[in-house]
Amino acid sequence: MNFEYLRDKYQLSKIEQNILKYLYDNIDNLKKIGIRKVAQDNFTSTTIIYKLCKKLGFEGYSDMIYNISYSSKSNDTDTNVDIFSNAYNQLNLNLVPLSKTLKESKNKLIMLLGVGYSQMIANYMSERFVINGFKCIANTHLQLLDKSNSKDVLLIAISNSGESSSILDVVQTAKNNDIKIISFVGNENSTLAKLSDFPIILKGFEKFPNLKNPPNTFFSEVLLLFECIISNID
């Protein structure tokens, strides 16, 4: 990892640089290290770490940890699968069943859920749904997730890590009230994927050896797959 590049791009303070270095130095045990432990070992607060997560464009601490771990794993694993192959494979797996589910939900209210960049994707998807004749909102209204609405609401959640607490709280409420859940998620072993009735796994592609800071392709893959599906609903 090029710390000077990240420092200059994101205007990282000294403590933020130290936190990142600490995370990469402990990359093999990241999933076992909680945010309080990171704060304690770096003589800082959890608030500073949350601010660093947001500055780097992540939904939260879990999202940052997942991306750092996945990036490291991708660098150690040779693969010939590219972003288009990833999306194509997921399209083949999900086009028919997801199109069927959405067609059956034509008279339901679709509630889209996201945080950070995922919220931007949710807003776009909401507009596309409306244009295609669906009832859709990209805001969270917990009263709509009441058990009495179990047959009238479809929840679609978007999260790269699948561990964003604000998303999981809403999804768990929907699950408890028998509301069908579709998710676009980057981690197949995440809590979100396990809670979803229809998890769509988009792991992203990070093999860009000529770039200092490889792009996160998760969101572009979500959009690509969504466009293919929404354009092919009868």
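The values are calculated or read from the model by the stated rules, or taken from the named source; none is laboratory data. Bear in mind the structure is a predicted one, so any value in this text is a computation, not a measurement. Cβ sites come from the backbone with ideal geometry, for glycine too, and all protein chains shown count toward neighbours.
With touching a residue at least 24 places away in the same chain (Cβ under 8 Å) and in contact with a strand residue (DSSP E or B) (Cβ under 9 Å, 6 or more places away or on another chain) as the only criterion, which of SER159, SER165 stands out?
Values: SER165 fails: in contact with a strand residue (DSSP E or B) (Cβ under 9 Å, 6 or more places away or on another chain).
That would be SER159, the only listed residue that is touching a residue at least 24 places away in the same chain (Cβ under 8 Å) and in contact with a strand residue (DSSP E or B) (Cβ under 9 Å, 6 or more places away or on another chain).
Residue by residue, here is whether (1) at pLDDT below 75; (2) touching a Phe, Trp or Tyr at 6+ places or on another chain (Cβ under 7 Å); (3) surrounded by fewer than 18 Cβ atoms within 10 Å (Cβ to Cβ) holds:
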| position | (1), (2), (3) |
| --- | --- |
| MET1 | yes, yes, yes |
| GLU4 | yes, no, yes |
| TYR24 | no, no, yes |
| ASP28 | no, no, yes |
| PHE58 | no, no, no |
| SER85 | yes, no, yes |
| ILE110 | no, yes, no |
| GLN119 | no, no, yes |
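Go over the candidates SER126, SER105 one by one and state the one that is over 25 Å from SER69 (Cβ atoms), at pLDDT 95 or above and surrounded by 15 or more Cβ atoms within 10 Å (Cβ to Cβ). Give the steps one after another, and end with the answer.
Working: SER105 fails: at pLDDT 95 or above.
Matching residue, one of SER126, SER105: SER126.
Look through the stretch 129-151, keep the residues that are in a loop (DSSP other than H, G, I, E, B) and touching a Leu at 6+ places or on another chain (Cβ under 7 Å), and return whichever of them is farthest from ASP169 (Cα to Cα). I'd like the intermediate steps shown before the answer.
First, pick out the residues of the stretch 129-151 that are in a loop (DSSP other than H, G, I, E, B): 132-134, 138-141, 146, 150-151.
From what's left, touching a Leu at 6+ places or on another chain (Cβ under 7 Å): 138, 140.
Values: ALA138: 16, THR140: 11 Å.
Among residues in the stretch 129-151 that are in a loop (DSSP other than H, G, I, E, B) and touching a Leu at 6+ places or on another chain (Cβ under 7 Å), the one farthest from ASP169 (Cα to Cα) is ALA138.
In the set SER220, SER196, SER148, which member is modelled with pLDDT of 90 or more and surrounded by 15 or more Cβ atoms within 10 Å (Cβ to Cβ)? Let's see the steps before the verdict.
Values: SER220 fails: modelled with pLDDT of 90 or more; SER148 fails: surrounded by 15 or more Cβ atoms within 10 Å (Cβ to Cβ).
Answer to the check: SER196.
So how many residues does the stretch 190-204 have that are assigned to a helix (DSSP H, G or I) and out of contact with any Gly (no Cβ under 7 Å at 6 or more places or on another chain)? I'd like the intermediate steps shown before the answer.
Narrowing the stretch 190-204 to residues assigned to a helix (DSSP H, G or I): 191-195.
Right, trim to out of contact with any Gly (no Cβ under 7 Å at 6 or more places or on another chain) and you get 194-195.
Looking only at that region, the number is 2.
Which of the residues that make up the stretch 152-168 are in a helix (DSSP H, G or I) and more than 11 Å from LEU195 (Cβ to Cβ)? Give the derivation first.
To start, the set of residues in the stretch 152-168 that are in a helix (DSSP H, G or I) comprises 165-168.
Residues satisfying the conditions are SER165, SER166.
When both residues are 6+ apart or on different chains and their Cβ atoms are under 6 Å apart, which pairs have a first residue that lies in the stretch 114-138 and is in contact (Cβ under 8 Å) with a residue 40 or more places away in the chain and on the phi < 0 side of the Ramachandran plot, and a second that is among the polar types (S, T, N, Q) and crowded, with 16+ Cβ neighbours inside 10 Å?
These pairs meet every condition: VAL115/SER164; SER118/SER159.
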